[in-house]
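The values are calculated or read from the model by the stated rules, or taken from the named source; none is laboratory data. Computed from a prediction, not measured in an experiment: that's the story for all the values here. Counting neighbours? That spans all protein chains shown, and the Cβs are built from the backbone with ideal geometry, glycine included. Just so you know, the surface numbers come from the protein's heavy atoms only, side chains and all, with ligands and any DNA or RNA stripped out. Shrake-Rupley method; radii C 1.70, N 1.55, O 1.52, S 1.80 Å.
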Amino acid sequence: MRRVLVLGGTAEARELARLLHEDPRFAVLSSLAGRVADPRLPVGETRIGGFGGPSGLAGFLADDGVDAVVDATHPFAATISRNAALAADAAGVPLLALVRPEWSPVVGDHWTRVPTVPAAAALLAGRSGGRAMLTTGRQDAHEFAGLDDWWFLIRVVDAPSGPLPARHELLRDRGPYTVDSERALLRENDVDILVTKNSGGDLVSAKLAAARELGIEVVMVDRPARPEGVPAVATAAAAYAELVAGG
């Protein structure tokens with residue numbers, strides 16, 4: 001029986017945990033960062049919380065007898081991905097990245113791409129104001145706190161703890177969403193710009209289709225660079241096949 005550590009928190013991680021849990025050749029442990037108060041838990045054994053950096057994770061891999069690691073974290077979880085690469089190398093444990101494909105603009109989209117969330121805030125700061133929908137997550141909402149000329153609809157799972165824009169409405173909600181519901185939300189709030197991260201996947205992609213239909217500009221934050229030299233697959237099924245093959 002091979003012990004697999006899945007660094008999770010995504011739909012793909014939960015699907016991979018299910019596949020491994022149903023296969024008697026594997027013992028799967030899913031690890032969640034603990035940043036969401038009420039996370040969707042995968043099947044099988046689960047732990048919540050950090051490891052104490054690369055050295056702590058490397059020690060855990062050795063102490064727990066982990067045979068393989070799958071980094072199936074959110075595409076913007078750059079710190080844990082970097083730590084996983086360092087720890088797996090130090091412990092001599094194979095590492096596989098499960099990374100959902102990025103979104104790409106299609107005909108009818110009006111995207112403005114920026115490298116970071118602060119760059120998105122700077123872009124808005126250089127304009128005369130308006131009504132924006134913000135879906136970059138609770139940890140980044142503070143970047144827009146000083147934009148007094150803008151009104152924000154801030155959609156998050158858990159409430160942000162830092163400063164927020166002077167004019168805003170907080171919407172606590174969790175996907176998946178439909179194009180119809182996203183279209184209605186954008187219309188009801190007179191949104192003229194959508195600020196989001198290129199997280200990819202189907203759970204929250206409906207907002208992009210709705211923005212396209214309504215002619216709303218999308219400020220798209222590009223993904224951070226991933227660690228070099230780590231093999232990657234795009235689906236849970238592909239990750240499971242790699243593990244079955246001994247990867």
### Query
Excluding ligands, DNA and RNA, what is the solvent-accessible area per residue of the chain at a probe of 1.4 Å, expressed in Å²?
46
### Message
If I model a spin label at Thr235 and Arg2 as a point 7 Å from the Cα along the Cα→Cβ vector, what separation in nanometres do I get?
### Response
2.0
### Query
If you wrap a convex hull around the Cα atoms of region 143-234, how much volume per residue is inside, in Å³?
133
### Summary
Tilt, helix 78-91 to longest principal axis of the chain (alpha-carbon atoms), in degrees rounded to tens, equals 10
### Message
Using a 1.4 Å probe on the protein heavy atoms, what percent of the accessible area of the chain belongs to carbon and sulfur?
### Response
52
### Sum of side-chain charges, Arg223 neighbourhood, beta-carbon under 12 Å (Lys, Arg +1; Asp, Glu -1)
+2
## Note on the structure
For the chain, the convex hull over Cα atoms projects on average to an area in nm² of 13.5
### Query
For region 49-188, what is the Kirkwood hydrodynamic radius in Å, using each pair of distinct C-alpha atoms?
18.0
### Message
For the chain, what does the relative contact order come out to in percent, with C-alpha contacts under 8 Å and a separation of six or more?
### Response
21
#### Entry: the chain, dipole about Cα centre (Lys/Arg Cβ +1, Asp/Glu Cβ -1), debye to the nearest 20
100
### Query
Using alpha carbons only, how many degrees (0 to 90, rounded to 10) separate the axis of helix 179-188 from the longest principal axis of the chain?
40
